[in-house]
Amino acid sequence: MANLTRDFFIALSNNELLNESAKKWGFRLGAEQFVGGVNVDEAITSVKELNNKGISCTVDNLGEFVTEKSESTAAKEKILLLIEKIHSEQVDCHVSVKLTQLGLDIDEAFCLANMQEIVDAASQYNIFINIDTEDYLHYEQTMRVLDALLEDYSNVGTVIQTYFFQAEDDVDRLSDVRLRIVKGAYKESPEVAYQTKEEIDANFLKIVKKRLKGDAFTSIATHDHNIINEVKRFVEIEGIDKSTFEFQMLYGFRIDMQESLAKEGYLFCTYVPFGDDWYGYFMRRLAERPQNLNLIIKDKLYTENNKLKTAPKVVVGTIATVTALTYLCSRKKK
């Protein structure tokens, strides 16, 4: 059942008609619950609000699988503007990027040139750039671009998806590079990736613990409180310095836990996406962990004491978003 649910949300994430409808209707129906704004200024405002709670951020200009150079160039310019804003506003924030948004499907050399411009601009302000890994089809290309950037820059790293069989080997190869460790959110072949939650969770914890014993900074990206508690126990037993890692969650998910971890003295970073191309991103978050929808409902419908809130408009909008977009798609197919 879990795999069927995951496949369902991944299928929705790849639906072009739903994605286009989402751009038109999403923010009217509650998408602001999980997107930090539609433009750079709104994203920075969201970052400031989180910074005031002791939480750092990584900001992602939503969009991927671009096939026109003009779109990639426009995305690059928006990211460069974001870097300037982070510097001028002096917020605690770094930047996450997707290579397919910056031209990886068009031409690898073109994508690398865009990334060199971005990483170079960020290096002037000591801002870190994180390359989000995408599906396995783009994995080797992503690593080639990363390796090329690492020849000249130290302010760049990437994401390791622990459902891939080769994840541990890549972690070992990148032992001196800042990494974000995640489970993975795309549908991948059993030839290259673990398929069950139990296998993926076990490999995630194995790789996280191995990284924590190393020297490079690690972002541990999960909403799973069982895994978080296990990491906390491991860190205490091993005497690992809290300054060498951070927990990371998505904007709008498990808000109480995010603030609680920050108050406990752990470094905490929230992944803040912005823009109108939010639909595929959100569906993959539900595919990755369908319970995330339950988390949104719990966050928005109930208080910490499990009392019903009087105005749960956002969660109603969130549910309405998915329902309405599916309805729009079915209507247009008739």
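For this structure, a couple of remarks:
- Filter result for ASP152 (among the charged types (D, E, K, R) and either surrounded by 17 or more Cβ atoms within 10 Å (Cβ to Cβ) or in a loop (DSSP other than H, G, I, E, B) (or both)): yes
- So ARG211, is it within 19 Å of the chain's Cα centre (by Cα) and surrounded by 15 or more Cβ atoms within 10 Å (Cβ to Cβ): no
- Number of the exception - PHE65 against (1) part of a loop (DSSP other than H, G, I, E, B); (2) modelled with pLDDT of 95 or more; (3) surrounded by fewer than 22 Cβ atoms within 10 Å (Cβ to Cβ): (2)
- A Cβ distance below 7 Å, combined with a sequence gap of six or more or placement on separate chains, defines the contacts here; from segment 227-255, residues that are part of a helix (DSSP H, G or I) reach residues that are modelled with pLDDT under 95 in the pairs ILE255/ASP299.
- For GLY36: the one exception among (1) within 29 Å of TYR136 (Cα to Cα); (2) out of contact with any Pro (no Cβ under 8 Å at 6 or more places or on another chain); (3) part of a loop (DSSP other than H, G, I, E, B): (2)
- Residue ID - nearest to ASP215 (Cα to Cα), chosen from residues in segment 178-187 that are surrounded by 19 or more Cβ atoms within 10 Å (Cβ to Cβ) and not small (Gly, Ala, Ser): LEU179
- Residue match in segment 123-136 (condition: modelled with pLDDT of 95 or more, surrounded by fewer than 23 Cβ atoms within 10 Å (Cβ to Cβ), assigned to a helix (DSSP H, G or I) and touching a helix residue (DSSP H, G or I) at 6+ places or on another chain (Cβ under 6 Å)): no
- For segment 163-173, residues that are crowded, with 20+ Cβ neighbours inside 10 Å and outside any helix (DSSP H, G or I) total 2.
The values are calculated or read from the model by the stated rules, or taken from the named source; none is laboratory data. In this text the structure is predicted, and so the values were computed from the model without any measurement. Positions of Cβ are generated from backbone atoms using ideal geometry, with glycine treated the same way; all protein chains shown enter the neighbour counts.
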